[in-house]
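Heads up: the structure comes next, in structure tokens.
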Amino acid sequence: MQLDAKIPSGPLAEKWDKHRFELKLVNPANKRKYTIIVVGTGLAGGSAAASLGELGYYVKNFCIQDSPRRAHSIAAQGGINAAKNYQNDGDSIWRLFYDTIKGGDFRAREANVYRLAQVSNNIIDHCVAQGIPFAREYGGLLANRSFGGAQVSRTFYARGQTGQQLLLGAYSSLMRQVAAGQVSMFPRREMLDIVVINGQARGIVVRNLITGEIENHAADAVVLCTGGYANVFYLSTNAMASNVSATFRAYKKGAFFANPCYTQIHPTCIPVHGTYQSKLTLMSESLRNDGRVWVPKTPGDRRPPNQIPESERDYYLEEKYPSFGNLVPRDVASRNAKTQCDMGKGVEETGFAVYLDFADAIKRDGKDVIQQKYGNLFQMYEKITASNPYETPMMIYPASHYVMGGLWVDYNLMSNLDGLFVMGEANFSDHGANRLGASALMQGLADGYFVIPYTIGGYLAGTDRPEITTDHPAFKEATRYVTERTRKLLSINGKRTVDDIHRQLGHILWEYCGMSRNDDGLLKARKLIQELREEFWKNAMVPGSSEDFNQSLERAGRVADFLEFAELLVIDAFERKESCGGHFNEAYQTEEHEARRDDENFCHVSAWEFKGDDNDPELHKEPLVFENVELTQRSYK
Amino acid sequence: MTKSINITLKVWRQKGPHVKSGFETYPATDISTDMSFLEMIDVVNEQLTLDGKDPIAFDHDCREGICGMCGAVINGRSHGPEKGTTLCQFHMRHFSNGDTIVIEPWRAKAFPIIKDLVVDRSAFDQIILAGGYISVNTGGAPDANSIPIAQEIAELAMDAAACIGCGACVAACPNASAMLFTSAKISQLALLPQGRLEAANRALAMVRKMDELCFGNCSNERECEAECPKEISISNIARLNREFIKAGLVSSVK
Ligand SMILES: Cc1cc2nc3c(=O)[nH]c(=O)nc-3n(C[C@H](O)[C@H](O)[C@H](O)COP(=O)(O)OP(=O)(O)OC[C@H]3O[C@@H](n4cnc5c(N)ncnc54)[C@H](O)[C@@H]3O)c2cc1C
Ligand code: SF4
Ligand code: FES
């Protein structure tokens, strides 16, 4: 099958305008006749549901949490990018586009990324109009800070709670549409299957997490905004309920999964300290604006940091990358931290941590300034570690954080299944092999506020869809499948808890498919995952019943999907015989240990098609064509 | 310093909204003091599962104090005794070997219990739905810098906007009032020029909705402020009252 990304023709800067003009429109009076299902209420789903409601569509919006306001996006700390150039420091749409393409190690589509940079400015305008209290300068204008992979200051922020404020903005718009009757909310629902009729996505099957009831919902189109799968690593910075289930079910129904091996390991997280640990906490990348990363020069030096003199410290990022210094992109910063620790220069009891030191910034700007910028992050750090970062350097280590991979979508954000749109972290589209900081919030809101309102109209106006209701046999079939799977989970009656198995899966992936990968390890991981999956279905322990509020059952279903998906992730990593961004295969590195791409053979998107439980998935390639930028070896020196 | 402690939990167990309920006692042994409170419950739940018992249901998601999903009353204190902290960020180093910890759900008429420590807080969504927004559609907003806002005003609005909607203020209030929550949203939007236009209607609509939903009245007990994990100030309630009175005047003129 030839994947068609449907990229509009014409010069890069005019593609989106031209496309918007060419897309068919739905007449306002007809909009209310269409029902659109939006799964997810994060930045992508919340903004989409609100905007589609405003346009006059009838929207059904679903989420796992008890309120749409609690989607995982709420946890984003650092900020959101836009090409406003308010700082007059040389930013432009072109520069944001270029930084994003380069940061992604030339593995994203030019046209999508350019559009993202174009609409970034509208996002900030809209968010301010919604009443989002962004940080401001004394003169009353908006303030900016810098993030990794960029040499301009283009990140807008609301203290260390940018995601929270942006999400509450989208949530307030969403509630306004609920009040207007345009959107119906379905919280505490988990999507367990998608219903495809005549090759078109026409509905979903969800479990009501309070009563256990299985519900059917039909629609003219389905929009998945269900977030990323970083929790496949067990320990990650993601919220506990973040999962792959929704996108994985879509994959099993025919949607292609693109680049699953592009996972992002974030360099600045609080290190792991015990087996009981349930998640890892991110310390925002914005801290690298003022914090200096270092380790002792001598391996095994266990003196407390304040007793290690300047001359015996290795500020390895500043030394190796003088022009970007501590602000190199995440994949580069993470790999360097791992290299230092592997050489025995790591700190903390475990040896798996490096310092992030604010002493110089405090000396330069004063404690007050630092407190104003990062107060809540410092407080969070102190709560968790009981150590005060104003006095002793933070200790940080990389952790699984974000995924660039996701369901394949075309320029309209529609998957290869008609009528199935995928947005936000759940799709693969804009970040290539590595995402730059503060760009996920931008992408989620771009997709939801400014892309889907146009492209879904084009789809609805341009396709014929038979009238269907939830009485259609496809709904019955999907319901049967979901019910049967739930019954199976509850009847395993084994001896290991689901969390315990999930933890083991995480170890396998972290060890063999984490920050650095090699062919032998990947083959081994694949085998270990298969064995673990088998063990899960024989020996997991899932208490309780299906007709009840049953959190163990919820987790079991998600872990069962992770166990299948993990294999796809490893297969994709094995298949990509190059290093790029977050995918680092040790066999492909430059002399300076940077990722070495193979543009001749791997300048493509890998999109995987499900071929049945007992067969390997089939690979489809979407070639990436670069007409406007030159592919170079990324350098941040 | 990391160490291990043994403690006893007395946990409220309730299978559903209107069924028999009461405290059950469980030992929690070998608990690392570096654990968060929720990680401690995870450990107890793993053991309950292995023993063939029903694990304790509790809401949680981000585990970093921002989603507002978690919350329970710990020894009589919402989110536990540490100031400005959600339950997920509260650590076991605040307990000593041999302690007994009593864990209960939020108790308020407007927050019916779903199971064990899980309650239904959809009434908060209802309050926001009544007017907790600025009525702008996507598209067409002017350039973001066309409305300068004094830094201290933006900061005040941000202080109010920090509310995570957890419900601790309601649980802590002897009248189960939702004034702190409601006033935080009303303040955030009333402080900003973008939100001023609708300030009067917003205050009226949200306060009416709050009354309708069985939340109690505010009698200035200040418990909410003391227990709020985001340290939302009670001065927001004063601002709400001013907006409400102004709104009353405006609407009686009409
Ligand atoms: C700690 C942290 C900090 C971050 N900081 C930044 C930052 O500063 N800047 C930046 O740009 N990015 C940041 N990111 C990344 C960014 O927050 C996310 O990529 C982004 O918020 C994802 O938004 P989303 O709308 O795609 O999905 P999410 O916000 O994850 O929302 C997913 C939604 O889908 C629902 N859902 C999921 N599965 C199902 C299902 N099966 N059935 C029904 N509903 C389902 C959930 O309930 C939820 O409503 C950060 C991420 C983390 C973890
Ligand atoms: S005001 Fe405080 S206690 Fe009340 S819901 Fe908001 S954050 Fe929670
Ligand atoms: S779990 Fe999110 S605030 Fe506690």
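Among (1) more than 8 Å from chain B (Cβ to nearest Cβ); (2) within 24 Å of A:Asn85 (Cβ to Cβ); (3) of a type in the set (Lys, Arg), where does A:Arg136 come up short? Only one criterion in (1) more than 8 Å from chain B (Cβ to nearest Cβ); (2) within 24 Å of A:Asn85 (Cβ to Cβ); (3) of a type in the set (Lys, Arg) is unmet by A:Arg136, namely (1).
Mind checking whether some residue in the range A:179-186 is surrounded by fewer than 24 Cβ atoms within 10 Å (Cβ to Cβ), within 13 Å of chain B (Cβ to nearest Cβ) and near ligand 1 (Cβ under 9 Å from one of its atoms)? Checked the range A:179-186: at least one residue is surrounded by fewer than 24 Cβ atoms within 10 Å (Cβ to Cβ), within 13 Å of chain B (Cβ to nearest Cβ) and near ligand 1 (Cβ under 9 Å from one of its atoms).
Would you check if B:Asp125 is facing chain A (nearest Cβ under 9 Å), over 30 Å from A:Glu137 (Cα atoms), free of Cβ contacts under 8 Å to residues at least 12 places away in the same chain and surrounded by 15 or more Cβ atoms within 10 Å (Cβ to Cβ)?
On the way: facing chain A (nearest Cβ under 9 Å): yes; over 30 Å from A:Glu137 (Cα atoms): yes; free of Cβ contacts under 8 Å to residues at least 12 places away in the same chain: yes; surrounded by 15 or more Cβ atoms within 10 Å (Cβ to Cβ): yes.
Judged against the criteria, B:Asp125 is a match.
Taking the range B:74-86 as the range and being buried (at least 20 other Cβ atoms within 10 Å of the Cβ) and in contact (Cβ under 8 Å) with a residue 60 or more places away in the chain as the test, the residues that pass are B:Ser78, B:His79, B:Thr85, B:Thr86.
When residues of the range B:185-197 are filtered for being in contact with a Ser or Thr (Cβ under 9 Å, 6 or more places away or on another chain) and either basic (Lys, Arg) or more than 10 Å from chain A (Cβ to nearest Cβ) (or both), how many remain?
Taking the range B:185-197 first, the residues in contact with a Ser or Thr (Cβ under 9 Å, 6 or more places away or on another chain) are B:185, B:187, B:189, B:197.
Imposing the further condition that a residue be either basic (Lys, Arg) or more than 10 Å from chain A (Cβ to nearest Cβ) (or both) reduces the set to B:185, B:187, B:197.
So the count comes out to 3.
Here A:Asp447 meets each of (1) within 16 Å of ligand 1 (Cβ to nearest atom); (2) more than 14 Å from chain B (Cβ to nearest Cβ) with one exception, condition (2). Yes or no: A:Ala461 under 19 Å from the mean Cα position of the chain (by Cα), aliphatic (A, V, I, L, M) and part of a helix (DSSP H, G or I)? Answer is no for this residue.
If the condition is being within 8 Å of chain A (Cβ to nearest Cβ) and either buried (at least 23 other Cβ atoms within 10 Å of the Cβ) or touching a Pro at 6+ places or on another chain (Cβ under 7 Å) (or both), then the range B:151-161 contributes B:Ala154, B:Ala157, B:Met158, B:Ala161.
If you scan the range A:391-405, which residues turn out to be part of a strand (DSSP E or B) and under 21 Å from A:Gly424 (Cβ atoms)?
The answer is A:Ala399, A:Ser400, A:His401, A:Tyr402, A:Val403.
Of all residues in the range B:164-184, those that are within 12 Å of chain A (Cβ to nearest Cβ), under 24 Å from B:Gln151 (Cβ atoms) and more than 16 Å from ligand 1 (Cβ to nearest atom) total 1.
I'd like the residue in the range B:74-114 that is away from ligand 3 (no atom under 16 Å from the Cβ) and basic (Lys, Arg) and, out of all such residues, is nearest to B:Ala168 (Cα to Cα). Out of the qualifying residues, it is B:Arg107. Yes or no: A:Val119 of a type outside the set (Gly, Ala, Ser) and facing chain B (nearest Cβ under 8 Å)? In short, no. Checked against the criterion of being over 22 Å from the mean Cα position of the chain (by Cα) and either outside the structural domain of B:Arg93 (by TED's automatic domain parsing) or of a type in the set (Val, Ile, Thr) (or both), the candidates B:Ile41, B:Ile31 yield just one match: B:Ile31.
The C-beta contact set for the range A:320-343 (first residue in the same structural domain as A:Glu591 (by TED's automatic domain parsing) and farther than 13 Å from A:His593 by Cα, second residue small (Gly, Ala, Ser) and surrounded by fewer than 23 Cβ atoms within 10 Å (Cβ to Cβ), distance under 6 angstrom, 6+ apart or interchain) is empty.
Residue by residue, here is whether (1) more than 7 Å from chain A (Cβ to nearest Cβ); (2) touching a residue at least 24 places away in the same chain (Cβ under 8 Å) holds:
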| site | (1), (2) |
| --- | --- |
| B:Cys88 | yes, yes |
| B:Thr100 | yes, yes |
| B:Asn137 | no, no |
| B:Ile149 | no, yes |
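Would you confirm, using the coordinates I've provided, whether A:Asp301 is of a type in the set (D, E, K, R), touching a residue at least 40 places away in the same chain (Cβ under 8 Å) and outside any helix (DSSP H, G or I)? The answer is yes for A:Asp301. Please go through the range A:543-586 and pick out each residue that is surrounded by fewer than 23 Cβ atoms within 10 Å (Cβ to Cβ) and β-branched (Val, Ile, Thr). Selection gives A:Ile571 alone. Selection within the range B:25-66: residues that are more than 8 Å from every other protein chain (Cβ to nearest Cβ) and of a type in the set (Val, Ile, Thr). The member of this set that is nearest to ligand 3 (Cβ to nearest atom) is B:Ile41. Residues considered: B:Ser21, B:Ser32, B:Ser36. Of these, the only one that is under 21 Å from B:Ser78 (Cβ atoms), hydroxyl-bearing (Ser, Thr, Tyr) and in contact with a His (Cβ under 9 Å, 6 or more places away or on another chain) is B:Ser36.
The values are calculated or read from the model by the stated rules, or taken from the named source; none is laboratory data. All values derive from a computational prediction rather than experimental measurement. Please note: Cβ atoms are built from the backbone with ideal geometry, for glycine as well, and neighbour counts cover all protein chains shown.
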